[in-house]
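The values are calculated or read from the model by the stated rules, or taken from the named source; none is laboratory data. A quick note: this is a predicted structure, and the numbers were derived from the prediction, not measured. Methodologically, a virtual Cβ is constructed for each residue, glycine included, from the backbone with ideal geometry; neighbour enumeration extends over all protein chains shown. Accessible surface areas use protein heavy atoms only, side chains included; no ligands, DNA or RNA. Shrake-Rupley method; radii C 1.70, N 1.55, O 1.52, S 1.80 Å.
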Amino acid sequence: PCERKSCNFQLLLSCRSGKLTPTQVAKNIIAMLEDCDKSTPPLRAIVQWDQEQIMLMAEASTTRYRNKCTLSCLDGIPVCLKEEFKVVPYHHRVGTVYLGTQPETEDATVARKLREAGAIIIGVSNMHELGTGTTGCNPNRYHKIPRNPYNPNHFTGGSSSGSAAAVAAGLCPVAIGTDGGGSVRIPASFCGVVGLKGTFGRISCHGSLPLSYSTVSVGPICTSVADAAIVYSILAEPDLLYPYGLKQPKATLSNMCAPDLKGLKLGVDWTFFKACDAEVLSACEKAVKHLQSLGASVVEVSLPEMEEARVAHVICILSEMRDFLQPDFNKHFHEMNLETRASLALACQFTALDYIKANRQRTRSMRFLQEIFSTVNCILTPAVPCTAPRIYESDLLTGSSDMTSTVRCMRFMQLGNFTGIPGLVVPIGYSTAGLPISLQVMAKWWDEAVLLRIGLKLEQFREQTKKPSIYYDILA
């Protein structure tokens, strides 16, 4: 059922019927990647790619289709991975100019699993330097600023900036990102695509730079909820090299394609929900009514101590990043972007006592959520309180640092990272300026299946899908 709803299905059908081969698609993508680099301004979604590598994977997939022995429903599907992951033979730069001086010789677990599924890795995608921001603004010489396909004068969101831009621009229907403070969900929302942050530990982080060990989850950014479900089902399982997810229950897609939402209770804290721009609120309220029309009931809930949880999340993620990056901060300070230096300098001010208190707050917040999820199946919020912010000329040279905007963009994201619960963002409409707006659904630990079930129904709410101003048709 997922496959039938998948945006990859057209590509799969073409490959199965022999009308199109993965090799032909790969040639199209290579031509488009060359075009991206030459366009004004450059898209800067994929920052490292290799024609020979792409063609090798594509030709192997074409042979499998010819022999009717495909490896999975991702066989022949183009994907990219955030530069935070090790991907052979690319440089593991993690958005910097000083890391990854040599090409990688070993894949991250998610890269290996995608190869084993037959996916065509078209390259590694741009990211905010060391994952330290929500805009995607990275002015250094290797990366530059990725452009929002809906309006190239606006940011993509971060830190999985290139992943969201690549999917929105049609370069690939699947990308992989990491999410420590909304880094999958914010760019997916700003670029009008689907973003899934799995439960903490659900998808292996092995082979990604361990910037914040207690807040980061891995997840797919995709053109559709069904695509996200397919990728999730392939990547979500224990990995002996990643201890945090070893005892997870088996990932399922149970009831995902149920005809309605009868019996589901959707929790909304309306005071929290309404703290967003008027256009965002209007679209999100209508989307909630749409879910009600499909049989779900909306239950008013109270999310306690959200300000305490917000501050505690910042203390946890920045303290852990500062701890891991201490040698870099000392040795490569002058090679870092100004915004990264400022964030890590701020992290210096936190004490061990702050970190201990923050983790005590985490325990409290998780207990509150256990109680809430005993009465509802999920929690609904807007994805981001605003649409994608504008890029200014100065950002291209020195970067962007607006703490007020960063804090605001993370408003609805932090609870999921702080407590480890999964979250899904689904595009539901557009602002009057034509920028995407999304709704977020969060569920209890390990219950990604209910997110995907609700997400499929949310997709039906959007009356039309506007094509971005930057768009490539890889099937043309």
Can you give the alpha-carbon Rg of the range 209-353 over 2.2 N^0.38 Å, where N counts its residues? 1.41
What order, most packed first, do the peptides 20-27, 55-62, 296-303, 170-177 have when packing is the mean number of other Cβ atoms within 10 Å of each residue? 170-177, 20-27, 55-62, 296-303
Using only Cα atoms, figure out Rg for the range 194-265 and give it as a multiple of 2.2 N^0.38 Å. 1.23
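Based on DSSP H runs of at least 4 residues, each adding -39500 (n - 2.57), what is the mean residue ellipticity at 222 nm of the chain after dividing by all its residues, to the nearest 500 deg cm²/dmol?
Working: 17 runs with 187 residues, N = 476.
Calculated at 222 nm, the ellipticity per residue is -12000 deg cm²/dmol.
Mind pulling up the Rg/Rh value for the range 88-145? Radius of gyration and Kirkwood radius, both on Cα. Mind showing how you got there, number by number?
Numbers: Rg = 12.7 Å, Rh = 12.5 Å.
Across the range 88-145, the Cα-based Rg/Rh ratio is 1.01.
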The range 5-140 - Debye-derived log10 I(q)/I(0), Cα point model, q = 0.17, 0.21 Å⁻¹: -0.95, -1.26
Using the Karplus equation 6.51 cos²θ - 1.76 cosθ + 1.60 (θ = phi - 60°), what ³J(HN,Hα) coupling, rounded to whole Hz, does each residue of the range 42-57 give in order, writing x for Gly and Pro? x, 5, 6, 7, 9, 9, 9, 8, 9, 4, 5, 4, 4, 5, 4, 5
Considering the Cα positions of the range 373-467, please state its Rg to one decimal place and its Dmax as a whole number of Å. 15.7, 50
Computed over the Cα atoms of the chain, the Rg and Dmax in Å are 20.6, 63
Along the charge dipole of the chain, Cβ charges K/R +1 and D/E -1, which of F155, H206, V225 sits furthest on the positive end? V225
Could you provide, to the nearest whole Å², the per residue accessible area of the chain with probe 1.4 Å? 38
Let me cross-check T375: its accessible surface, 1.4 Å probe, with only protein heavy atoms counted, in Å² to the nearest 10? 80
Once you have all Cα-Cα distances for the range 18-92, histogram them in 10 Å bins from zero and send the whole-percent values. 17, 44, 31, 8, 0
With T = 25 °C, eta = 0.890 mPa s and Kirkwood Rh from C-alpha pairs, the Stokes-Einstein D of the range 285-375 in µm²/s is about 152
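Give the percent of DSSP beta bridges with both residues in the range 7-461 that are antiparallel, rounded to the nearest 5.
On the way: 31 of 44 bridges.
Restricted to the range 7-461, the bridges split so that about 70 percent are antiparallel.
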Taking every pair of alpha-carbon atoms in the range 142-200, what share in percent sits in each 5 Å bin, from 0 to the bin with the longest distance? 4, 24, 33, 23, 11, 3, 1
Sparse-neighbourhood loop sites, trypsin sites (Lys or Arg not before Pro) in the range 51-159 - DSSP loop, at most 14 other Cβ within 10 angstrom: K68, R141
